[in-house]
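**Q** Structure provided below as structure tokens; questions to follow.
Laboratory data are not the source of any read-out in this text; all were calculated from the coordinates shown. This one's a predicted model, so the numbers in the text were calculated from it and none came from an experiment. No Cβ is skipped: glycine too gets one built from the backbone with ideal geometry, and neighbour counts run over all protein chains shown.
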Amino acid sequence: MSNYRSLIIGHTTVDRNTDHLGNTVEIVGGAVVYSSASAYALGHNVLALTKIAKKDLSRLEQFTLPKENVVCIDSEKSTDMVNIYFTADKERRECSCTSRGDAFTKADIEPFEADIFHFAGLIYGDFDTEMIKYASTKGKVAVDVQGFLRHANDDGSMFFEDWKDKKEILPYITYLKTDAAEAEILTGTDDRIEAAKILHSWGADEIMITHNTEVLVYNGEELYTCPIKSRNLSGRTGRGDTTFAAYINERQISSMKEALLMATATVSLKMETPGPFKGSKADIEKYISDFYN
């Protein structure tokens, strides 16, 4: 039995978000913050591993985890992002990276034991792909492909391109998460069910594809979808991270269908409030009884 249900690895950022009406807010974010929050809210013992420059250590206050469940490694710089949203549903956005934290290495995860090693990256280069192979010898591997498809130019502008090592690395991955656009980049099809089947055929065990209307999961035999029921989108940032972490941690104790319902309800409730999810499992169970039954 390992100490932690999951070790969640990624950079803690400051996101400067401007909506389609021109309103700008700055919030501390990053996949590691949103992912650890939803897993912890559901009662799982998780450890967050992040890298932050000394001058930015106040960012650690945004974690909902107990302090002893957050490990911070010094970085020369921190990662900072700018997001400009063009539509009310926040599906179209332009992202840029104005500062980049140091990459994570195999040595960073060597001291830790966990059921799942969750790679919650933001930009290509956050992780060495050898880390994934190594982590697969220690536990299950969960990967959000954003950290392998999204690239930053020297001027900070960002672009997506296919993951050149995907067919080499996917067989090491137990849980793979993409959104609909990323799935199309990886597979060439905009049919989410077909994309999930292709990704599974390349070696990943369980595929999650998120969309603004629903979440889909597929494992080669079973395929399920669950609708997103949010009553507003004020907390849209962190949607995929919240969903994926809730799912993979619940998946250790539940069926695919049960874990998907819990994860989709968690993100539906989370998206109604900005920032990481701060509710409880009881809140999510009530949300399920109110909106899903």
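**Q** Could you give the Stokes-Einstein D for segment 248-293 in µm² per second, using the C-alpha Kirkwood radius, 25 °C, 0.890 mPa s? Let's see the in-between values first.
**A** Working: Rh = 10.9 Å.
So the translational diffusion coefficient is about 225 µm²/s.
**Q** Counting only Cα, what are the radius of gyration and maximum Cα-Cα distance Dmax of segment 213-293, in Å?
**A** 11.9, 36
**Q** Can you pull out the chymotrypsin sites (Phe, Trp or Tyr not before Pro) in segment 217-293 whose DSSP state is coil and whose Cβ has at most 15 other Cβ atoms within 10 Å?
**A** The qualifying sites are 292.
**Q** If you take every residue apart from residue 54 with its C-beta less than 10 Å away from the C-beta of residue 54, what net charge results, scoring Lys and Arg +1 and Asp and Glu -1?
**A** So the surrounding residues net to -2.
**Q** Sticking with this one: So what is the calculated 222 nm ellipticity per residue for the chain, using -39500 (n - 2.57) for each DSSP H run with n of 4 or more, over all residues, to the nearest 500 deg cm²/dmol? Don't jump to the answer; show the numbers that get you there.
**A** Working: 10 runs with 87 residues, N = 293.
That comes out to -8500 deg cm²/dmol.
**Q** Also, quick follow-up: Where the centroid of each part is defined by its Cα atoms, how far is segment 133-201 from segment 43-114 in Å?
**A** Each part's Cα centre sits 19 Å from the other's.
**Q** Here is a further query. As I understand it, the dipole of the chain uses +1 on the Cβ of Lys and Arg and -1 on the Cβ of Asp and Glu, about the Cα centre. Which of 273, 86, 163 lies farthest toward its positive end?
**A** It is 273.
**Q** Calculate one ³J(HN,Hα) per residue across segment 69-85 by plugging θ = phi - 60° into the Karplus curve 6.51 cos²θ - 1.76 cosθ + 1.60, and present them in order as whole Hz with x for glycine and proline.
**A** Those phi angles translate into 9, 10, 10, 10, 9, 4, 10, 4, 10, 9, 8, 10, 10, 10, 10, 10, 9 Hz.
**Q** Counting only residues 5 or more places away or on other chains, whose amide H sits under 5 Å from the amide H of residue 99 once H atoms are built in the peptide plane?
**A** 80
**Q** On to the next question. Just for the Cα atoms in segment 212-256, what are the lengths along the principal axes, largest first, rounded to whole Å?
**A** 35, 19, 13
**Q** Mind checking which lysines have their C-alpha under 22 Å from residue 51, skipping anything on the same chain fewer than 8 residues away?
**A** 67, 77, 106, 133, 138
**Q** So who's got an amide H within less than 5 Å of the one on residue 215, skipping anything under 5 residues away but keeping other chains? H placed 1.01 Å off N, in plane.
**A** 226, 228
**Q** May I pose another question? Just for the chain, what percent of DSSP beta bridges are antiparallel, to the closest 5? Display every interim value, and only then the final one.
**A** Working: 25 of 58 bridges.
Restricted to the chain, the bridges split so that about 45 percent are antiparallel.
**Q** Subtract the Cα-Cα distance of residue 283 and residue 252 from 0.36 nm times their separation in residues, and report this length gain in nm to one decimal.
**A** 9.1 nm
**Q** What size of dipole, in debye to the nearest 20, comes out for the chain about its Cα centre when the only charges are +1 on Lys and Arg C-beta atoms and -1 on Asp and Glu C-beta atoms?
**A** 580 debye
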